[in-house]
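Engineer: I have a structure I would like to understand better, so I am pasting it below and will then ask my questions one at a time.
Laboratory data are not the source of any read-out in this text; all were calculated from the coordinates shown. On a predicted model such as this, the values are computed, not experimentally measured, just so you know. Glycine also receives a Cβ, built like all others from the backbone with ideal geometry; neighbour counts cover every protein chain displayed.
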Amino acid sequence: MTPDAREPFVVAHRGASAERMEHTLAAYELALEQGADGVECDVRLTRDGHLVCVHDRTVERTSNGTGLVSEMTLEQLRELDFGGPGRPATVLTLGELITLVLDWRARPTKLFVETKHPVRYGGLVENKVLAELQRFGIASPPSADHSRAVVMSFSATAVWRIRRSAPLLPTVLLGDSSVYLGGGAATTVGATAVGPSVKTLREHPELVDRAAAAGRATYCWTVDDQEDVALCRDLGVSWLATNHPGRTKGWLAAV
């Protein structure tokens, strides 16, 4: 995951989440069908130690249930509907998403896994993520460029844990402060990329060049407007995350 002079690669943010409920199998299948170069997910640990693709601490916003993810078992989560009206769907595990991505034969697709912090299980989340990637044979790539997985976090400590245990696995230090991203945090933890929001990128377009000068790629989130897609392309952003992967691919192809 090195700085790239080509147009940005398109990452489906929680799947094709503008058209399907986020983090559902249907959202990721649609994103792959639309030609996404990568797919992004957030992961949390259940009470019985399973990694599930859920953004929030609670399930209220994205399911028909209530409660904290960390206080529920996988079996309890499976009883909830995460698909919404007309498209019932059970909670998606990280293992199920990895299987989908690796089985997709149309093109190689990267998986971007974001670990959430602070959480009650602390560094166990990163340990579990690495164990799951290892189970599928993608935790120790021959190089960062050939990796099928990327691990991201807003927590510098979480990124450091990954770099210490899997030095060739690409990592993204997410953040919304230009000083934070441009300073020593990414260097200290050895992140291979920085991840500003598109709002930060508009205010500080120099971030991309500063990251490239340090040998780092740029991952920008969440890019849904055509003007912002063009900005990412013009600045040389390596990866952009969007809720509209198909539409974004079309905009980039039309230039």
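Engineer: Tell me the label-point distance for the pair Asp48, Thr157, using the 7 Å Cα-to-Cβ offset, in nm and rounded to one decimal.
Structural biologist: Distance between the two pseudo-spin positions: 2.9 nm.
Engineer: On to the next question. Figure the gain on full extension for Ala230 and Arg105 (residue separation times 0.36 nm, minus the Cα-Cα span) and round it to one decimal in nm.
Structural biologist: Between Ala230 and Arg105, full extension yields an extra 42.1 nm.
Engineer: Of the candidates Ala16, Ala241, Ala131, which one comes out as most mobile in a Gaussian network treatment of the chain with C-alpha springs shorter than 10 Å?
Structural biologist: Fluctuation is largest for Ala131.
Engineer: Hey, what does the equivalent ellipsoid look like for region 53-133, semi-axes from the Cα gyration tensor as sqrt of 5 times each eigenvalue, largest first, whole Å?
Structural biologist: 22, 19, 10
Engineer: Relative contact order, percent, of the chain when contacts are C-alpha pairs under 8 Å separated by at least 6 residues?
Structural biologist: Relative contact order here is 23 percent.
Engineer: Another question about this same structure. How high is the FRET efficiency from Arg120 to Ala213, r the C-beta distance, R0 41 Å, rounded to 0.05?
Structural biologist: About 0.60, to the nearest 0.05.
Engineer: Within region 81-125, which trypsin sites (Lys or Arg not before Pro) sit in a loop by DSSP and count at most 16 neighbouring Cβ atoms inside 10 Å?
Structural biologist: Arg105, Arg120
Engineer: Now a separate question. What do you get for the angle between helix 94-103 and the principal long axis of the chain? Use alpha-carbon atoms, 0 to 90 degrees, nearest ten.
Structural biologist: Helix 94-103 and the main axis of the chain meet at about 60 degrees.
Engineer: Further question on the same structure: If amide hydrogens are placed 1.01 Å from N in the peptide plane, which non-local residues have theirs closer than 5 Å to the one on Arg57?
Structural biologist: Correct list: empty.
Engineer: Here is a follow-up. How would you order 90-98, 138-146, 189-197 from highest to lowest mean count of nearby Cβ atoms within 10 Å?
Structural biologist: Per-residue Cβ counts within 10 Å, averaged per peptide and sorted highest first, yield 189-197, 90-98, 138-146.
Engineer: Using DSSP, restrict attention to beta bridges with both residues in the chain and report what percent are antiparallel, rounded to the nearest 5.
Structural biologist: Counting only bridges with both partners in the chain, antiparallel ones make up about 15 percent.
Engineer: Would you count, across the chain, every pair of lysines whose alpha carbons are under 24 angstrom apart, provided the pair is eight or more residues apart or spans two chains?
Structural biologist: Lysine pairs meeting both conditions in the chain amount to 5.
Engineer: Starting with the fewest neighbours, write out Asp81, Asp225 ranked by other beta-carbon atoms found within 10 Å of each beta-carbon.
Structural biologist: Asp225, Asp81
Engineer: At what distance in nm do the modelled label points of Leu74 and Glu60 sit from each other, each positioned 7 Å from its Cα along Cα→Cβ?
Structural biologist: Between Leu74 and Glu60, the simple spin-label model gives 2.8 nm.
Engineer: Quantify how much of the Cα-Cα distance distribution of region 9-254 extends past 35 Å, in percent.
Structural biologist: So the pairs more than 35 Å apart make up 9 percent of the total in region 9-254.
Engineer: Return the Cα extents of region 27-94 along principal axes one, two and three, sorted largest first, each rounded to a whole Å.
Structural biologist: Dimensions of region 27-94 along the principal axes of its Cα atoms: 36, 26, 17 Å.
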